[in-house]
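Visitor: Okay, handing you the structure first.
Computed from the coordinates by the stated procedures, all read-outs in this text should not be read as laboratory data. All figures in this text were calculated on a predicted structure; none of them were measured in a lab. No Cβ is skipped: glycine too gets one built from the backbone with ideal geometry, and neighbour counts run over all protein chains shown.
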Amino acid sequence: MKKIPLNRSFALLVVLAAMFAAVRVEAADYQARVQADIQAFRNYFAAQFPDVKFADYADGVYAIDEDSRQQWKEMEEFPPYALSVEDGKALFEKPFANGKTYGSCFANGGAVRQNYPYYDEKKGKVVTLEMAINDCRVANGEKPLACKAGDIAKISAYMAFISRGNPVDVKVQSEGAYKAYMKGKELFYAKHGKLNMSCAGCHMQYAGRRLRAEILSPALGHTTHFPVYRSKWGEIGTLHKRYGGCSNDTGAKSFAPQSEEYCNLEFFETAMSNGLIFNGPASRK
Amino acid sequence: MKVKAVAQNNVVSVKILVQHVMETGRRKDETGKLVPGHYITEVNAQHKGERVFQAELGPGVSKDPYLAFQFTGGSVGETVTISWVDNKGGTEKADSVISAV
Amino acid sequence: MDGSFCKQILMKEVGMGVSRRQFFKSVAGTIAYAAVISAVPERVFAAWNQKAFMSETMAAAIAAKYGNLPIEDSAAIQIKSPEIAENGAYVPVSVATTIAGASNITIFSEANFAPLVASFDILPRMRPDVSLRLRMAKTANLVVLVQAGGKLYKAVKEVKVTIGGCGG
């Protein structure tokens, strides 16, 4: 009778040790797996566009097409998003009803764009910058903002602007983070919608080629420069607004902005851009 | 309105970005009703009491209008004053200090 | 009055100076307008040429602005514009001229509902070189007229405007 508890506790100890060892190995393993994906991603584009420097992918289609690059350079002379950044600064500094400001939620005066998106272990989900902005509002008794355009995009534009130059460095170090990453990866590569298209189909296979009058941007660097003042919108808008539009254009039902699906997609896409520099906000057509 | 004025060799380069809807008057809203035209009709710039820029605009100019021009006889530290008026009587004026390149 | 109009009433601080926005009702607006354009007494600037800006053909716009001045082609006008506009709502255009005595540069987009886009007086201290972003409804010619002496000099450049494939 006395032997059983000893054996049991020893067995338990062995199991625990094995689990602990497994967890320790897997943390490094997840990041290594993601890094392998990143390397394959970069190699793919390097082979497709041998003349494009790695850093230039942050400029999207302007890194691969001269005529549109000229127009973008002209917009950069005095970009319309400069007005959005100014508005965003005023919004960021305006106190909530309770007297606090966004500064109480975000360090560095708001220059924290480079910390998003990240996987929040406690919440068990990916947290994006726009989600964090709304979390800050709700924590301070304010209503959350709509997530496609308007004030949230302006605040995001301001925060992106003052965070420019920081490197993209998404960490995937837990099982939960890896699962979210894999869901985002799946959404990126899977075909869906009436037109049965995938993100990869256009933004990897067809990158640099024309889809009617559009030149498809390479997926590498996709999320470094958001939010964007899109000429089509005539205003500044968020990444998830663009995701939604793209889903619609492929005949797929779009997910809601800040939905788990788009947050995971943003997580995956941003991880693929690790090593590039955050350069938002930006002008796009 | 945002203004950048830079002087080099006595030539001042001015860039203006105005936040303005520049509604053409041809757009219909969700109910199908025509949205009335609302656009900047004139922009000018003054330097040392003299007009150095005079433009008439219309609905063919893009939203959030951008304009760039150059004038001579200006130096760093001096002020350029930009003014605009729109077809509804809206107006704005901004002083910009000329900076070095 | 829409939201963007209300925004215009807010005070804003410009990087290099301070801007003050004042919203006037139309009557006061006329007074403000007159004040703005008559700030330089030594030269009278014409009131906004409504007829020209609202003309629906380029010929009518030219007649409304210039009357019957003769027009001839000129190689001394440079138009910088994209070959294919990324978006017809924001076409970046720069125009410069080396024509002696140029007093006015006017830009048209031929296929627009109202082809006259903008007109710039070349003032004594101003370089005959302007840039703006304009709207083009569809593929069309940009036409630039430069007034010098009693003549109009003309240059033309096509800009292609297309409908996109994704995001329309």
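Visitor: No solvent, one uniform scatterer per C-alpha: report log10 I(q)/I(0) for the stretch B:2-100 via the Debye equation at q = 0.14 1/Å, two decimals.
Guide: Taking Cα atoms of the stretch B:2-100 as identical point scatterers yields -0.55.
Visitor: May I pose another question? Along the charge dipole of the protein assembly as shown, Cβ charges K/R +1 and D/E -1, which of A:Phe188, C:Ser109, C:Ile71 sits furthest on the positive end?
Guide: Value: A:Phe188.
Visitor: Then there is this: At a 10 Å Cβ-Cβ cut-off, how would you order A:Asp87, C:Asp121, fewest neighbours first?
Guide: Ascending Cβ contact count within 10 Å gives the list C:Asp121, A:Asp87.
Visitor: Using a/c under 1.5 as the rounded threshold, could you call the stretch A:69-199 rounded, prolate or oblate? The axes a ≥ b ≥ c are square roots of the C-alpha gyration tensor eigenvalues, and prolate needs a/b larger than b/c, oblate otherwise.
Guide: In terms of gyration-tensor shape, oblate.
Visitor: Helix A:239-249 versus the longest principal axis of chain A: what angle, 0 to 90°, nearest 10, using Cα atoms?
Guide: 80
Visitor: A further question on this structure: With 10 angstrom as the radius, rank A:Thr224, B:Thr81 by how many other C-beta atoms surround their C-beta, starting from the fewest.
Guide: B:Thr81, A:Thr224
Visitor: With only Lys, Arg, Asp and Glu charged, each at its Cβ (+1 for the first two, -1 for the last two), find how big the charge dipole of chain A is about the Cα centre; round to the nearest 20 debye.
Guide: For this selection, approximately 1000 debye.
Visitor: Now for a separate question. For the stretch C:50-161, what is the charge dipole size about the Cα centre, in debye to the nearest 20, if Lys and Arg each add +1 at the Cβ and Asp and Glu each add -1 at the Cβ?
Guide: About 200 debye.
Visitor: Which of the listed residues, B:Ser83, B:Tyr66, B:Ala7, is farthest toward the dipole's positive end in the stretch B:2-100, when Lys, Arg count +1 and Asp, Glu count -1 at the beta-carbon?
Guide: Farthest towards the positive end: B:Tyr66.
Visitor: So how strong a dipole does the protein assembly as shown carry about its Cα centre when Lys and Arg Cβ are +1 and Asp and Glu Cβ are -1, to the nearest 20 debye?
Guide: 1100
Visitor: Of all beta bridges DSSP finds with both residues in the stretch C:50-161, what is the antiparallel percent, to the nearest 5?
Guide: 85
Visitor: Let me know the Kirkwood hydrodynamic radius for the stretch C:75-168, please, with Cα pairs as the basis and the value in Å to one decimal.
Guide: Over the stretch C:75-168, the inverse of the mean reciprocal pair distance is 13.7 Å.
Visitor: For the stretch C:50-161, compute the number of Lys pairs whose alpha carbons are separated by less than 16 Å, excluding pairs fewer than 8 positions apart on the same chain.
Guide: Number of lysine pairs found: 8.
Visitor: Could you please rank A:Trp233, B:Trp84, placing first whichever residue has the fewest other Cβ atoms within 10 Å of its Cβ?
Guide: A:Trp233, B:Trp84
Visitor: Which lysines does A:Lys241 reach when only Cα atoms under 21 Å apart count, and residues fewer than 8 places away in its own chain are ignored?
Guide: Of all the lysines, those that pass the test against A:Lys241 - Cα under 21 Å, at least 8 places apart if same chain - are A:Lys125, A:Lys143, A:Lys148, A:Lys154, A:Lys183, A:Lys185, A:Lys191, A:Lys194, A:Lys232, A:Lys253, A:Lys285, B:Lys63.
Visitor: Using only Cα atoms, locate the centre of the stretch C:108-152 and the centre of the stretch B:22-90, then give the distance between them in Å, rounded to an integer.
Guide: 14
Visitor: Still on this structure: I need the fraction of alpha carbon pairs in the protein assembly as shown separated by more than 48 Å, rounded to a whole percent.
Guide: Of all Cα-Cα distances in the protein assembly as shown, 20 percent exceed 48 Å.
Visitor: Continuing with this model, one more query. Under the classification rounded if a/c is under 1.5, otherwise prolate if a/b is larger than b/c and oblate if not, where does chain A fall, given a ≥ b ≥ c as square roots of the Cα gyration tensor eigenvalues?
Guide: Oblate is the answer for chain A, as a/c is 1.5 or above yet b/c matches or exceeds a/b.
Visitor: Name the residue, out of A:Ser156, A:Ser217, A:Ser68, whose mean-square fluctuation peaks in a Gaussian network model built on chain A with Cα pairs under 10 Å.
Guide: The residue that fluctuates most here is A:Ser68.
Visitor: Here is a further query. Taking a cut-off of 18 Å between Cα atoms, list the lysines near B:Lys4, but don't count ones fewer than 8 places away on the same chain.
Guide: A:Lys73, B:Lys15, B:Lys48, B:Lys93, C:Lys12
Visitor: Shifting gears a bit: Rounded, prolate or oblate: which fits the stretch A:68-125 when a ≥ b ≥ c are the square roots of the eigenvalues of the alpha-carbon gyration tensor, with rounded for a/c under 1.5 and prolate only if a/b beats b/c?
Guide: Because a/c hits 1.5 or more and a/b fails to exceed b/c, the stretch A:68-125 counts as oblate.
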